[in-house]
Amino acid sequence: MVVQETEVVCRPNTDPFDLNLEWQMRAEKELNECPETARKNVVQLRQKLKEDLSMNSRVDDVFCMAFLRARKHDVDKAYKLIKSYYEMKRKYPDFYRYCYPSERSYIYDMCFLTLLPGTDKLGRVVTVICVRNTDFSQISLEDMFQVGTSSFEVALMDPKLQIAGGVAIIDMQGMSIYQQAKLVTPSAAWQITNCVQEKIPLRVKAIHIVHQPLYFSALYSIFKPFLKSKLRKRIHLHGSNMESLHKHISPSVLPKEYGGTKGPLNSKPHLNLIKQYEHKLRDWSQFGYDKKIPQ
């Protein structure tokens, strides 16, 4: 099937240096990156990973650059983040294994976590988290995390996403008491915030919350202790005011539920992306702690 240009969620690329001049300049400005030094950093990081016999890590260029860019090319911090990433997978395997579309596409079809085609006004990938679409009679909290793990690890093959980061829209409209009981707990809050802030190389640049209930402050108080001040400052509350949201994300990118010009929210472009790279997920499952290191 041919994917139309307007349906492209992101552009995975095995060459993280394949950037035009505009993006090279942005990487230099935001991440202190210059191509020559970045290549040397990849070599240095790869060597550290190969010398660490406690884990079998990916060492390909796009993987190394994702972590280097997440830590603004501090090799030691990038190495530490990779160790934390694999430690998370070892400690909580039910949360961070992959969700293969060929086996469980129905989970993606629920549209509780959807990567949208297009970007916000600063070139950042937009993820919609629609809480009411989470059917806990069919899936578990662990399944939700697996979809997130699979989606962002594929998306992070896109060099522009590595540089620009991503933003999230969290839609709280129609969230049931049962969904709150599953998602708004100290353990779930810790798992979510710890993963986003400390374990994966995704630069979360903004969180836009829409249709929050009147008792949002009580729900937020569960998450707040786990949020770093930097991320707290990046949370924007819009309520039902979509014009407020549109100051950050153009209606041309958004589904109609958020005052956009697109059709209804659907998972098809997102699911197509993960299907296309499912073979990569299966390859990556061999890596981590307690995994055999090839001789």
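So if R0 is 35 Å, what FRET efficiency would A181 and R282 give, r being the distance between their Cβ atoms, rounded to the nearest 0.05? E(calc), rounded to 0.05, equals 0.55.
Over the range 204-284, accessible surface divided per residue gives 54 Å², non-protein components excluded, 1.4 Å probe. Against the chain, whose longest principal axis is taken from its Cα atoms, helix 21-31 shows a tilt of about 90°. Over the Cα atoms of the chain, the radius of gyration divided by the Kirkwood radius equals 0.95; this is the Rg/Rh ratio. Pairwise Cα separations in the range 110-235 fall into 10 Å bins from 0 onward with the following percentages, short to long: 11, 46, 37, 6.
Here the gap between S54 and I235, fully extended at 0.36 nm per residue and compared with their Cα-Cα distance, gives a gain of 61.4 nm.
Mean-square fluctuations from a GNM of the chain, with a 10 angstrom spring cutoff on Cα atoms, peak among G263, G148, G118 at G263. Distance between Cα centroids, the range 55-95 to the range 139-181: provide it in whole Å. Cα centres, the range 55-95 to the range 139-181: 19 Å. Counted residue by residue at 0.36 nm each, then reduced by the alpha carbon distance between them, the extension gain from N20 to A218 reaches 66.7 nm. Pair-distance distribution P(r) for the range 71-180, from all Cα-Cα distances in 10 Å bins starting at 0: 13, 37, 36, 13, 1 percent. Per residue, the convex hull around the alpha carbon atoms of the range 1-60 comes to 138 Å³.
Between C34 and E243, full extension at 0.36 nm per residue minus the direct alpha carbon distance yields a gain of 71.4 nm. When the solvent-accessible area of the range 1-156 is split by element, carbon and sulfur atoms take up 49 percent of it, the probe being 1.4 Å.
The values are calculated or read from the model by the stated rules, or taken from the named source; none is laboratory data. Just so you know, these numbers come straight off a predicted model, no measurement behind them. Neighbour counts run over all protein chains shown; Cβ positions are idealised from the backbone, glycine included. These accessible areas exclude ligands, DNA and RNA; they are computed on the full protein's heavy atoms, side chains included. Shrake-Rupley method; radii C 1.70, N 1.55, O 1.52, S 1.80 Å.
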